[in-house]
Amino acid sequence: MPSESALLLDRKLGATRRAFHSALVSTSEQLRSMLATKVEGEGITGLFSNGYVNSSSFSTLAAGSTKESSEKGRLQVARDVLLELIGLGDDLYRVEVAPGAGVRCAVSKAYGRIGRAFAAARAASNANSGNPAGADEAENLKRYNYSNWSVAERNIAPGLLIEVAGKDLLADGLSEFLDGNTCLAFMVSGASSPAPLVGLIRPGVFVAQSKTLDPFGMPDRGPATVAVLAEAEGAATFTHQPAGHGESGMGIWSRLTVSSLPETAPESALGSKSANQQREELRQLAALSIEPLLAASGEASTVSQEPGVTAALAATSASGEPIDRLAAWLLSKAK
Amino acid sequence: MDTSLLDISGAADERTFTANDYKGPTARWCPGCGDFSILATTRRLLELEQLAPEKTLFVSGIGCSSRFPHYLKTYGFHGIHGRALPLALGAKLRRPDLHVFVVMGDGDCTSIGAGHWIHAIRYNPNMTVLLLDNNIYGLTKKQTSPTTPVNYKTNTQPKGSYLNPLHPISVTLGVANASFVAQTADWIPAHLLATMRAAQQHKGLSFIRILQRCPKWTIDIFDAKVKTPDEMMILNHANGITDPKVQKMYKNQMEHDPSDLDAARALTGMTSHIPLGLFYKNEDAAIYNELRMNKSFTTEEKMANLEKEFDRYAV
Amino acid sequence: MSSSQSASSEDAQEVYEKVITGLGDKTYTDHSCEVVSDAGEGAQKCGQGFGALSAKMGNGAWTVEIIPAEIEPPPRTPGSTSGVGIRIGQDKITNAGDAVKLVIAFNEQVLLSRHRVNAMSDDCIILIDSKWRTHVNPKVVGEWEDAMKEMSTKNYKWILVPLEAETLKVVDNPKLGKNMFALGLLCHIYDRDVQIAKDQVAYTFRKKPPAVTEANHKLLEAGIAWAAENLDFRFLVPARPPTSELLVMNGNEAFGMGALAAGIDVCAMYPITPASSVSHYLADVYDNFGGMVHQAEDEIAAIGVALGSSYTGKTAMTITSGPGLALKGEFIGLALMIEMPLIIIDVQRGGPSTGLPTKVEQSDLLCVLYGQPGDGPKIVMAPSSIEECFHCIITARQIAETLRTCVFILSDANLATGQTPFERPKLDAKWMAGPPKQTSVPEGSRPYEWNLDTGISERFIPGQRGGEHTVTGLNHDESSRVNYEPATNQLGHAMRSRKIAVFAETLNAPIPYGGDEGDLLIVGWGSTRGAIEEAVDRARAKGLKASSLHLTFLSPLQPGIKEACDKFTKVMTVELNYSDASDDPHITPTNRRRGQLATLLRAQLLIDCGSWGKVHGAPLQPAVLLGIIEKYIPKA
């Protein structure tokens, strides 16, 4: 049973989901039309025509629009796949990561299931054009992985709502799914490492960590991932806005806003992440958010006007400066 | 909402379009007509934005400018006088996958279709609306239009038109829920293109009044403007429409914040110059076609729901 | 006036003890009554509830709304009359019937308005609230006396009922309770099943707190008890338990459900009486079907939005009535020119101009057929019952899409607000045809590739690759290119006309009702069918050789009409539109303006038919038509 905030987040994903659902329905209805035969054409005028319209002679007029397909079986199988997915409703877009299970695996499985719709459309297109079924057609209808999706398919991909325990939120390998309009929204329970999503920051990807649901400022288009860390005391909150379409943009620092940092640096292991690995997330966040000094100023005087910067630089080096100094500086920069 | 997975399956979507892919039959406007420039710029826009021709729809009313869709190789709906906007709204309502453009003349939009104009601005559907304003009825041969300058002699008002013209930008800005209002001119293609791009990318109804030369009936009105670039006032702003070429070419420029509705309205009263650029933009305006989106249902689901309706009415 | 009425106010109590009509219990095959009140007093809830519970018991039923022209007219005026006429029968009821035999009136002024339109039979029994007769305000008493005087021309049987007084025993606000007490009276008089009646009351107030239902149940029981105590008559109309499941709704709701069954995606409209309620129904439920009602800024925009939607492959309809139809003319021409499927429902009302907005008339036929400039071949159909209102949209959609044309559905205020049970439709997925195909258009295909034999072509929908074209209201060739050539214009016209002729070939000949030959054939169309056929039944029972022929398609006309007419000595159309009477002053056979169907039949089929038409704003009554039949057929 999804939590109330999960439902709220769910609604945020509503637009992409509605579009995808609509495409599923629209496609299944198209297949239904293709499956209609001439014989079925009789009676299409309904009961009103009884006595008034000669249904069978009328259906000859309509016949042109109901071509009989020789591949009805494949079309029917494709439609059944679509109906099965439609029948799942919003569950199609929800992922619950079992305690201790891998996030990547769960996401891959969910998109593999959503991908069945694309596989079904391909099978139907091929069947309709009289192309024989490929060797993998039947397999693809059971699972069709994200890696096989076309650009257009990735553009219509619905967002996923992923419920996961903070200790299990390992983002490694998720970049694979951040393309087109894909959105991965994590509803995180319990404690979390400080910046589990930091590793997913890319120039073209919206990445945000938040304690609450609003406001993400998530753009309408483009890949995105967000984590709602309502119960995680030790989590940072930040937003990375993607660079505009086709822009190389300035450095990531210019689009990354860090709103809050944990009071103290992690000192014990969480799940499979050691304290050090967790501190590395903070360092990575710092590294990405600091304006490169040389490029920005070129003059030593600027540096001296920013008293915290020296410390920050020191903190990001591997020398093991206390993490709380970094935090203090980042916080002073936070809005 | 109508995207079919059949359309996008496989490699079918990996296409690149050139301006030629949008080219229809040769246009038959008078030589020197501003519509040619707008048509060419439109093709350029379609290419830049890589809009699939089969997903692009141009809707028009009646008049010289309304022949526009015929000269493009996209889908087109050449409707009736003044009624392009309801047709376009109808098209967009259940087909958000279509890129909808509306092309109207000044008689079409501001006279016979004025009611639809007001309401389309309020509905704010996601589409681009071009008002090709040549200040005259062209196709029916030089009758006064609502934008004809006062005292201008026409066939219906041979002693000169009686009233001051209405200002299409001012009217549009007066309608609740206006979301993108710009003015440009057909003889400044760079500005025209920049405006159309900004409009196409805007979510909601973008209304562009394009000052359009008519070489046949109102050449005297526009000739001076074309020849006197100093009459133009280019509106600049970080959130506005900027084009480096235009900024270089035109002497008169001013900062105007397009989020400032009062300032935008005040600009419509400017008599010293003709302001070109983005008057107003509001990205938060409600978008009717998006508000009206609802869930799709399969035939099986609809039948089950209709049975429930029957149950309500069963005795 | 009866003795009970003549009792003076001092001994008013006396009349409640027992009303002596001497009628006793009598069995009828059908019986009709009315409940009328000031607007807002709930007579409609009472009447509709009575109709519905009678249908549940297995009676045939037809209810017709009596609607004031204003929303909140001043109370106790003839203009404030709101109510329902109910006709129930042993068998199926197909029309509102004749003048009613029983009325429950909440005051004498609303009753007066019914008297003035001859809604009550001469021997009608009238149950009326007694409070006004003895009201403290002498003005009210004066109004009562004036009204009684005016109504004294008829032999109505008066029964004074302490309607408000009894209601106040149960609830505080009589305005909200008299209707259920009145329902109780009807339940006793017509011997209704009390449990079914209670269920119906519970259903009526299902959205209110349970206490409301409880109070209304008490009122119902009080009404039954009062009637049992005080009335000495009952009208027994035996019911037959229904053999199949039935639905009860009015014609506009049936249109709405028909649109759902036909898979209509968009209903674009502008508010107009009496069509609007189609959209009220749809707006309420459309989200469960993925459809939408768009209320446009005007009638023109409404059809424009529907047409734009249809162009993009959605199924669309627009609903309107006379004044709106006039405004839609130019778009109708465009839709026909570009051969775009579109369903246009015209719920006709009295015209011309604003006319009689809430009342029935059949005056839009010729406007629909010929109402836009240029040649406009199209399909026009007219459902003749509420059940047909449901089913005809399914047919209309298929015709519109198959032929790429506009289909007009002509209903009227009678069907729109009448309610009657009909068999629950067995849904068929085929009715909701899928979306038009979106696959690529084969190279070389053209958007108007007319089959020269049938005039039919396949349209391309935005989204279909290779199908890019611009539809235009200008004359165009097969590629939809603007074209001014004489031959192309001729061809376009011929193709648009031909498909209508081809469709006509799929139509069956209408079958005369009553018998294939005789002295008089009445030809009708639309909502008058039930009344006409009932009149024919009564005439034949009297030995008169009258039959009727009902036309469902007005364009194209069904085959065999002339042949059917030829077998009768006289042919006459009966329509609810204006016709000069042949004996009107100045009228000659050559200058006579006849009913619209008569004009059509004469022009198109050379049928020398007579024409009877009335514009009383009221449904056709079988008894009135029987009188006409008797006038035209000489007694043997």
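The values are calculated or read from the model by the stated rules, or taken from the named source; none is laboratory data. Quantities reported herein were computed from a predicted structural model and do not represent experimental measurements. Quick reminder, even Gly has a Cβ in these numbers, built from the backbone with ideal geometry, and neighbours come from all protein chains shown.
Give me the helices (runs of 4 or more DSSP H) completely within region A:62-169, filtered to those with at least 1 residues that are within 30 Å of C:Leu403 (Cβ to Cβ) and of a type in the set (Lys, Arg), ordered by residue number.
Hits in region A:62-169: A:72-87.
Looking at region B:100-116, can you tell me whether even one residue there is at the interface with another protein chain (Cβ under 8 Å from one of its Cβ atoms) and hydrophobic (A, V, I, L, M, F, W, C)?
no
Quick one: which helices (runs of 4 or more DSSP H) lie wholly within region C:94-204 and hold at least 3 residues that are under 32 Å from the mean Cα position of the chain (by Cα) and of a type in the set (D, E, K, R)?
Answer list for region C:94-204: C:108-116.
Which of the residues that make up region B:66-94 are modelled with pLDDT of 95 or more and outside any helix (DSSP H, G or I)?
B:Leu72, B:Lys73, B:Thr74, B:Tyr75, B:Gly76, B:Phe77, B:His78, B:Gly79, B:Ile80, B:His81, B:Gly82, B:Arg83
Specify which of the listed residues (C:Ala509, C:Ala501, C:Ala487, C:Ala494) is within 14 Å of another protein chain (Cβ to nearest Cβ), surrounded by fewer than 22 Cβ atoms within 10 Å (Cβ to Cβ) and part of a helix (DSSP H, G or I).
That would be C:Ala501, the only listed residue that is within 14 Å of another protein chain (Cβ to nearest Cβ), surrounded by fewer than 22 Cβ atoms within 10 Å (Cβ to Cβ) and part of a helix (DSSP H, G or I).
Let me confirm something: among A:Glu153, A:Glu96, A:Glu163, which residue is of a type in the set (Asp, Glu) and in contact with a Phe, Trp or Tyr (Cβ under 6 Å, 6 or more places away or on another chain)?
A:Glu153
Return a yes/no flag: does region C:447-470 have any residue that is at the interface with chain B (Cβ under 7 Å from one of its Cβ atoms) and not in a loop (DSSP other than H, G, I, E, B).
yes
Considering only residues that are touching a residue at least 24 places away in the same chain (Cβ under 8 Å) and buried (at least 24 other Cβ atoms within 10 Å of the Cβ), look in region A:119-137 and name the one that is nearest to the other protein chains (Cβ to nearest Cβ).
Taking the candidates together, the pick is A:Ala121.
Name the residues in region A:44-81 that are at pLDDT below 75, crowded, with 19+ Cβ neighbours inside 10 Å and either in contact with a strand residue (DSSP E or B) (Cβ under 6 Å, 6 or more places away or on another chain) or at the interface with chain C (Cβ under 7 Å from one of its Cβ atoms) (or both), would you?
A:Ala62
Quick check: anything in region A:165-182 buried (at least 21 other Cβ atoms within 10 Å of the Cβ) and among the polar types (S, T, N, Q)?
yes
For the structure I just gave you, tell me whether A:Ala195 is buried (at least 24 other Cβ atoms within 10 Å of the Cβ), closer than 27 Å to A:Ala15 by Cβ and in contact (Cβ under 8 Å) with a residue 12 or more places away in the chain.
Here the answer is no, as A:Ala195 does not meet what is asked.
Please specify each residue of region B:125-140 satisfying the condition of being of a type outside the set (A, V, I, L, M) and out of contact with any Lys or Arg (no Cβ under 9 Å at 6 or more places or on another chain).
Across region B:125-140, the qualifying residues are B:Thr128, B:Asn135, B:Tyr137, B:Thr140.
Can you pull out the residues in region C:551-571 that are buried (at least 18 other Cβ atoms within 10 Å of the Cβ) and either of a type in the set (Asp, Glu) or closer than 17 Å to C:Gln604 by Cβ (or both)?
Selection gives C:Leu551, C:Thr552, C:Phe553, C:Leu554, C:Ser555, C:Pro556, C:Leu557, C:Gln558, C:Ile561, C:Ala564, C:Cys565, C:Val571.
In the same structural domain as C:Cys33 (by TED's automatic domain parsing) and either over 25 Å from C:Ile86 (Cα atoms) or part of a helix (DSSP H, G or I) (or both), is that true of C:Ala228?
Spelling it out, C:Ala228 is indeed in the same structural domain as C:Cys33 (by TED's automatic domain parsing) and either over 25 Å from C:Ile86 (Cα atoms) or part of a helix (DSSP H, G or I) (or both).
Among the candidates C:Glu575, C:Glu630, which residue alone is surrounded by 23 or more Cβ atoms within 10 Å (Cβ to Cβ) and at pLDDT 95 or above?
Residue meeting the stated conditions: C:Glu575.
Go through region C:32-55 and give me each residue that's within 20 Å of the chain's Cα centre (by Cα) and within 22 Å of C:Tyr156 (Cα to Cα).
C:Ser32, C:Cys33, C:Glu34, C:Val35, C:Val36, C:Ala43, C:Gly47
Is it true that B:Phe180 is aromatic (Phe, Trp, Tyr) and crowded, with 23+ Cβ neighbours inside 10 Å?
Answer is yes for this residue.
Suppose we keep only residues that are touching a Leu at 6+ places or on another chain (Cβ under 8 Å) and without any contact (Cβ under 8 Å) to a residue 60 or more places away in the chain within region C:252-276. Which one would you say is farthest from the other protein chains (Cβ to nearest Cβ)?
C:Cys267
For region B:129-176, what are the residues that are in a helix (DSSP H, G or I) and touching an Asp or Glu at 6+ places or on another chain (Cβ under 8 Å)?
Passing the criteria: only B:Pro168.
Based on this model, can you work out whether C:Gly444 counts as at the interface with another protein chain (Cβ under 7 Å from one of its Cβ atoms) and on the phi > 0 side of the Ramachandran plot?
So C:Gly444 fails the test.
Residue under question is C:Cys392, and the condition is that it be touching a Phe, Trp or Tyr at 6+ places or on another chain (Cβ under 6 Å) and either touching a residue at least 40 places away in the same chain (Cβ under 8 Å) or surrounded by fewer than 24 Cβ atoms within 10 Å (Cβ to Cβ) (or both); does it hold?
Yes: the conditions hold for C:Cys392.
Looking at (1) at pLDDT 95 or above; (2) more than 9 Å from chain C (Cβ to nearest Cβ); (3) assigned to a loop (DSSP other than H, G, I, E, B), which one does B:Gly10 not meet, given that it meets all the others?
(1)
Pick out the one residue from C:Gly351, C:Gly313, C:Gly324, C:Gly291 that is free of Cβ contacts under 8 Å to residues at least 60 places away in the same chain and within 10 Å of chain B (Cβ to nearest Cβ).
C:Gly291
Among the residues in region B:68-76, are any more than 19 Å from C:Ile461 (Cα to Cα), under 19 Å from the mean Cα position of the chain (by Cα) and facing another protein chain (nearest Cβ under 10 Å)?
Yes - at least one qualifying residue is present in region B:68-76.
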